[in-house]
Structures are given as structure tokens and as C-alpha cells.
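The values are calculated or read from the model by the stated rules, or taken from the named source; none is laboratory data. Owing to the predicted nature of the structure, the values given are computational and were not obtained by experimental measurement. All Cβ positions, even for glycine, are placed from backbone atoms using ideal geometry, and neighbour counts span all protein chains on display.
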């Protein structure tokens with residue numbers, strides 16, 4: 001029962017990762033690659049990003065991450081995004097001509113931008129998902145409570161500034 005509840009928390013992050021990876025396929029197609037190569041590019045990035053995005057949601061539900069924080073999530077994606085890109089390049093591309101370490105270093109820098117976008121979208125999608133799941137899922141209910149407390153705190157701070 002607890003496994004299903006944790007897995008339910010994975011859906012928003014997995015969806016964000018899958019869409020981001022699929023967009024890579026669209027960009028590959030836009031760059032003039034054949035449909036087969038664009039599909040391979042999309043799948044080889046969408047799958048690892050979806051897995052890491054889903055894992056983020058599960059870790060959020062376990063209290064490893066907190067709503068409204070970026071630092072730990074940024075570090076998470078500094079590792080997860082380059083690994084995802086390495087999987088993609090290993091299956092699809094030729095981007096490792098300069099070597100694995102320079103490739104991973106560059107991807108780590110790019111990952112900060114991805115992390116900002118991921119957190120921004122996740123912070124907007126997750127509360128809505130939690131509201132739908134809170135009646136049947138105690139982990140979702142507890143996490144929703146954290147989001148509500150965080151939103152209340154932000155609202156109180158905003159009120160004091162005025």
C-alpha cells in the first residue's frame with residue numbers, strides 16, 4: 001500500500017521529464033534529422049528524465065526535499081540531468097567526441113537551467129495532483145499540508161511587506 005502511494009507522487013515529475021525529453025526529439029526533427037533519429041533521441045532522453053523526475057516526486061513525499069526550496073533540487077539535477085544526457089548520447093548521438101568528462105561538465109552547467117524549469121513547473125502541478133490524491137493517499141495528504149503551510153508562510157511574509 002505504501003509503495004502505491006509513493007508511486008502516485010511520481011506522476012507529475014515523471015510527466016514533466018517525459019515531456020522535456022520528447023521536446024528534444026521535436027528539436028532534433030526541426031534540425032533536419034529523419035523521423036527515426038528524432039524518435040530515438042526523444043525516447044532516449046524522455047525515459048531517464050521521466051525516471052529521475054518521478055524519483056524526485058517520491059523523494060519529496062518522503063521528506064528528502066521540501067516544497068519551495070531550490071538548492072537541494074538543483075544539486076539533484078546537477079547529477080540526474082548529465083546522467084540522462086549521457087544515456088541519450090550513448091544511444092543516439094556522437095556528442096562524446098571530446099570525452100565523457102567534458103561532456104558531463106557541460107551538461108552539469110546546463111542542468112541548472114533545466115532544474116529551474118523543472119522546479120517551476122513541478123511546484124505548479126504537484127499541489128493540484130495532491131489535492132486529487134489526498135483523500136486516498138496519506139502521503140499525498142501530508143505533502144499537501146506542507147504545500148499549504150508553505151503557501152501560508154509566503155502569504156504572511158507578503159502581507160508584512162505591505
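Structural remarks
- Subset of the range 8-34 [in contact (Cβ under 8 Å) with a residue 40 or more places away in the chain and over 19 Å from residue 73 (Cα atoms)]: 8, 24
- Only residues that are surrounded by fewer than 22 Cβ atoms within 10 Å (Cβ to Cβ), in contact with a helix residue (DSSP H, G or I) (Cβ under 9 Å, 6 or more places away or on another chain) and free of Cβ contacts under 8 Å to residues at least 24 places away in the same chain were counted in the range 35-59, giving 5.
- Residues that are crowded, with 16+ Cβ neighbours inside 10 Å and farther than 14 Å from residue 67 by Cβ, drawn from the range 123-158: 133, 134, 137
- Selection from the range 85-102 of residues that are without any contact (Cβ under 8 Å) to a residue 40 or more places away in the chain and buried (at least 18 other Cβ atoms within 10 Å of the Cβ): 89
- Qualifying residue in the range 14-33 (condition: at pLDDT below 95, crowded, with 18+ Cβ neighbours inside 10 Å, closer than 30 Å to residue 131 by Cβ and within 13 Å of the chain's Cα centre (by Cα)): yes
- In this structure, residue 74 does satisfy being surrounded by fewer than 19 Cβ atoms within 10 Å (Cβ to Cβ) and in contact with a helix residue (DSSP H, G or I) (Cβ under 9 Å, 6 or more places away or on another chain).
- Inter-residue pairs, beta-carbon under 6 Å, first within 18 Å of residue 60 (Cα to Cα) and in the range 136-162, second modelled with pLDDT under 90 and assigned to a helix (DSSP H, G or I), 6+ apart: 137/5; 139/5
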